[in-house]
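The next block holds one structure in the form of structure tokens; read it before the comments.
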Amino acid sequence: MATTREAVSLVAALLEEHGLVETLAALEKEAGTLLHDGAVVDPAELERKLRALRVAHVPAASAELGDEDPLMAPFTGRLATALERTVSGAHASNVLCATFCGESRELVASGGADKLIALTSTSTGEVMHRLATHNAPVLAVAAQPDGGSLLASTAMDGRVQLHDLGTRTLLHEWRDAHRKYALCATWRDGENFATCSSDGMVAAFRAGGESGSFDKCLDLPLSHDHGVTSVGWGRGASAPVLVASVQDSHVLKYYDCAAQRLWSVSMNELDDEHVSFSAMHIAVHPSGKYLAVATDRQRTFVYEWGSRTRVRTLISDFKADDFAPAPRQSWDADGRHLYVAAGEATVALWDVGMERQVSQLVGHSAIVRGLHVCDRPGSRRAVTCSFDKTVRVWGEATAPA
């Protein structure tokens, strides 16, 4: 009973902090007591206390689901937390994005403010090739899944390119892909990928296929006033569905490419229209059941796919009002751990199931701008890049259970 009273009191404080005075009054009336005296409270401290209460009940709640909850999958003890290699000469200026690529994911493709894409061997650290095809800083690189040889890239001038890593050639360029910064690229399968931009648009492209043509098959306007910060694809039955985050909006946008249907899902648990954070980067869970949303306020929320139901909240050690303009995140293949770069030189590794930070990637001396965990089955590697002009590859280490 004491735990319940404390939880209700904390909820009342959060209602007060968000200005929901009528809701607070209704709660106090039903409870028959004054639940909050109007004193100034620290939102981060409130959320930490609520998280502690929730975590205390996580094992029991997950036990009811049994093996059905991938956030509580058994921990194998294998995580990429040990620094294996530092690459210092791939770029002459800030490195903005990086991903594993190649048939065996033996290469890292990185894009920089120097307008270059560097292909670096993960085993030797040698830069094997540089693609000098962009005319503006490279903001995103995305490798074709399942060991494919294609690499999609986006740039600050809004252009989108497709490269063949086998021949080191530019296959196609969409010069009019976007009117402003092309911020993100992500593959649905070996043939289709999507991008998003500061121009408020999401675009989808078909990379060859049986016809061998390169088509822009979707131009989806999501906002007239704000940029689209990130985009992702569903998994399994939801594979044709795109999800996108819009800056300064309280909703996520979902679009079914097959049915050509667009809808919005609130990120607020009370389904109100209050905007207290911006969703800056999204990451679809490997199972497709969840969506991680990294915000500009040092918090990451995990939602059920297609729902406003918030199942986990990850709060960094920084103050909740610290601004994180370009957070990045990537799920580990085990579906339980999430790597989060939230505007600092370190990367936090979270046990999402238990809402607990278990490790950090420490090595960069400036903001980590790019982050990717290898998608090859059985591999435990991560790559990061930074404003310190380096690319770093991380290998397997044992983390606390």
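Here are some notes:
- Condition check for R328: touching a residue at least 40 places away in the same chain (Cβ under 8 Å) and either outside the structural domain of D248 (by TED's automatic domain parsing) or farther than 26 Å from P377 by Cβ (or both): no
- Scanning the stretch 350-401 for residues that are under 22 Å from A142 (Cβ atoms), surrounded by 22 or more Cβ atoms within 10 Å (Cβ to Cβ), in contact (Cβ under 8 Å) with a residue 60 or more places away in the chain and hydrophobic (A, V, I, L, M, F, W, C) yields L361, L371, V373, C374, A382, V383, C385, V391, V393, W394.
- Subset of the stretch 200-221 that is crowded, with 20+ Cβ neighbours inside 10 Å and in contact (Cβ under 8 Å) with a residue 40 or more places away in the chain - its residue that is farthest from the chain's Cα centre (by Cα): A207
- When we screen A292, A326, A320 for residues that are buried (at least 20 other Cβ atoms within 10 Å of the Cβ), of a type in the set (A, V, I, L, M) and either modelled with pLDDT under 95 or closer than 21 Å to L79 by Cα (or both), the only hit is A292.
- Positions within the stretch 267-285 being in contact with a strand residue (DSSP E or B) (Cβ under 6 Å, 6 or more places away or on another chain) and surrounded by fewer than 17 Cβ atoms within 10 Å (Cβ to Cβ), in sequence order: E269
- Candidates C184, C196, filtered to the one that is in contact with a Leu (Cβ under 7 Å, 6 or more places away or on another chain) and either free of Cβ contacts under 8 Å to residues at least 40 places away in the same chain or assigned to a strand (DSSP E or B) (or both): C196
- Within the stretch 205-225, the residues that satisfy the criterion of being part of a strand (DSSP E or B) and farther than 20 Å from G306 by Cα are F205, R206, A207, G208, S213, F214, D215, K216, C217, L218, D219.
- Verdict on S249 being farther than 21 Å from P286 by Cα, among the hydroxyl-bearing types (S, T, Y) and touching a Lys or Arg at 6+ places or on another chain (Cβ under 9 Å): no
- Selection within the stretch 166-185 - surrounded by fewer than 22 Cβ atoms within 10 Å (Cβ to Cβ) and aliphatic (A, V, I, L, M): L170, L171
- Of the numbered criteria (1) farther than 13 Å from A194 by Cβ; (2) among the hydroxyl-bearing types (S, T, Y); (3) without any contact (Cβ under 8 Å) to a residue 60 or more places away in the chain, the one S238 fails is (3).
The values are calculated or read from the model by the stated rules, or taken from the named source; none is laboratory data. All values derive from a computational prediction rather than experimental measurement. Every residue, glycine as well, gets a Cβ built from its backbone with ideal geometry; the counts of neighbours run over all protein chains shown.
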